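The block underneath contains the structure these notes are about, expressed in structure tokens.
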Amino acid sequence: MSRTITIRYTNFRECPNCDGRGDDGSSWRPLECKRCKGHGKLVTDVELQDSARGILPRSAYDFNALGEVFLLDFEEDEEIEVIRPADL
Ligand SMILES: [Zn+2]
């Protein structure tokens, strides 16, 4: 059985750049908000469940407001399947 890490987004905040709309609010050809990439919300907290170590400490990973998660201190050659949420 291979090791898996499951990512869950556990907290969001409304994108302050577009007030949660996801675009600039233009009635004609609204432009996608550059900050949230059209999602209307920003990720403020994530939880990573490692099949080998359980819930990972915050020091084991980093993430940004778009929900991209970066694993820290993991061996490059380790076979880990990362399961990401389908969408924000
Ligand atoms: Zn936005």
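Every number here is computed from the coordinates shown, using simple stated rules; none is lab data. On a predicted model such as this, the values are computed, not experimentally measured, just so you know. Note that we place each Cβ from the backbone using ideal geometry, even for glycine, and neighbour counts take in every protein chain shown.
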Extended-chain gain in nm, criterion 0.36 nm per residue less alpha-carbon gap, residue 82 and residue 10 = 24.2 nm
message = Compute, for the chain, the length of the dipole vector about the Cα centre, with Cβ point charges of +1 (Lys, Arg) and -1 (Asp, Glu) only. Units Debye, rounded to 20.
response = 560 debye
request  = Could you work out the per residue convex hull volume over the alpha carbons of the chain, in cubic angstrom?
outcome  = 103 Å³
task = Can you tell me the order of 27-33, 75-81 when each peptide is scored by its average per-residue count of other Cβ atoms within 10 angstrom, highest first?
result = 27-33, 75-81
